[in-house]
Every structure is written in C-alpha cells, then in structure tokens.
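Below is one structure, written out as structure tokens, with a few remarks after it.
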Amino acid sequence: MRVRAARGAIAVAQDSADVLLGATQRLLSELLGRNDVETDDLVSVLFTATEDLRSAFPAEAARRMGLGIVPLMCAREIPVDGSMPRVVRVLVHFHSDRSLAEVEHVYLDGAESLRDDLG
C-alpha cells in the first residue's frame with residue numbers, strides 16, 4: 001500500500017449552507033467511491049473554497065458523512081482574477097494499491113473545465 005492523493009472540485013449553485021454542504025458531500029462521495037476508498041484508508045482531506053462561499057465550512061459535509069475521525073482542514077482558494085466563482089476543491093490523501101495512473105480525479109457541475117487535461 002502507498003499513500004495516494006486524488007483531486008476534485010465542484011461548482012456550487014449558490015452560497016447557502018444546505019447547497020454548499022450537499023455539493024461537497026456529493027463530490028467527496030463520488031471521489032471516494034471511484035477510488036474504492038474506505039474511511040480507514042483515509043490519511044487526510046484538505047478543502048478549499050472560493051472567497052464567495054461563506055455559508056459553511058466544506059469539512060462539515062465530511063463530518064456529516066461520518067468522517068470526523070479523519071484529519072480535515074479548510075482553506076481559502078487564491079482569488080485569481082477571472083477564476084471560476086463558487087467552487088469547492090478537495091485534495092484527499094489515502095492508502096491504496098492503485099498506481100498513480102489509476103487514481104481517479106473528480107470534477108462535477110461545471111468544474112470539469114478547471115482540468116480539461118483529465119477528461
């Protein structure tokens with residue numbers, strides 16, 4: 001087993017706690033599912049949110065999924081001119097037998113355009 005990392009992002013329709021947490025949970029669930037990651041495989045999860053998302057901490061979605069035992073951290077995304085608004089990004093570190101090429105990154109709800117090289 002090795003430590004691997006998977007990236008993901010989701011565009012959030014509006015800055016309300018329910019919408020932000022629902023989107024974050026969907027992103028995290030999809031990323032963990034596609035990579036066959038169980039709670040005990042997780043090392044840590046880092047979330048970032050664009051500065052226009054202020055209604056909730058994205059890590060709260062992970063805690064609601066039962067991942068409170070995993071080290072979770074939130075940070076503010078760098079505010080680059082012209083960047084996509086209302087985006088939650090995630091970087092998940094986990095133990096896996098997958099090669100780097102087998103790790104699946106997940107971009108949803110318009111965030112796919114952030115990484116066209118992963119298509």
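Read-outs: derived from the displayed coordinates by stated rules, not from any lab. Computed from a prediction, not measured in an experiment: that's the story for all the values here. No Cβ is skipped: glycine too gets one built from the backbone with ideal geometry, and neighbour counts run over all protein chains shown.
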Considering the Cα trace of the chain, what is its radius of gyration and what is Dmax, both in angstroms?
13.6, 40
Ile69/Leu108 FRET efficiency (R0 30 Å; Cβ-Cβ; nearest 0.05)
0.75
Quickly work out the Arg115-to-Leu100 label distance, labels modelled 7 Å from Cα along the C-beta direction, and quote it in nm with one decimal.
1.4
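What order, most packed first, do the peptides 72-78, 61-67 have when packing is the mean number of other Cβ atoms within 10 Å of each residue? Working shown, then result.
Numbers: 72-78: 13.9, 61-67: 16.9.
With the highest mean Cβ count within 10 Å placed first, the list reads 61-67, 72-78.
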Suppose the chain between Ser29 and Val3 were pulled fully straight at 0.36 nm per residue; how much longer would it get relative to their current alpha carbon spacing?
7.5 nm
Quick one: length gained pulling Ser83 to Arg54 fully straight, 0.36 nm per residue minus the C-alpha distance?
8.7 nm
Which whole-number percentage describes the relative contact order of the chain, with Cα contacts under 8 Å and a sequence gap of 6 or more?
45
Value of Rg to Rh for the stretch 7-51 (Rh from inverse mean 1/r over Cα pairs, i.e. Kirkwood):
0.99
Report the Cα centroid-to-centroid distance between the stretch 76-119 and the stretch 1-60 in angstrom, as an integer.
10
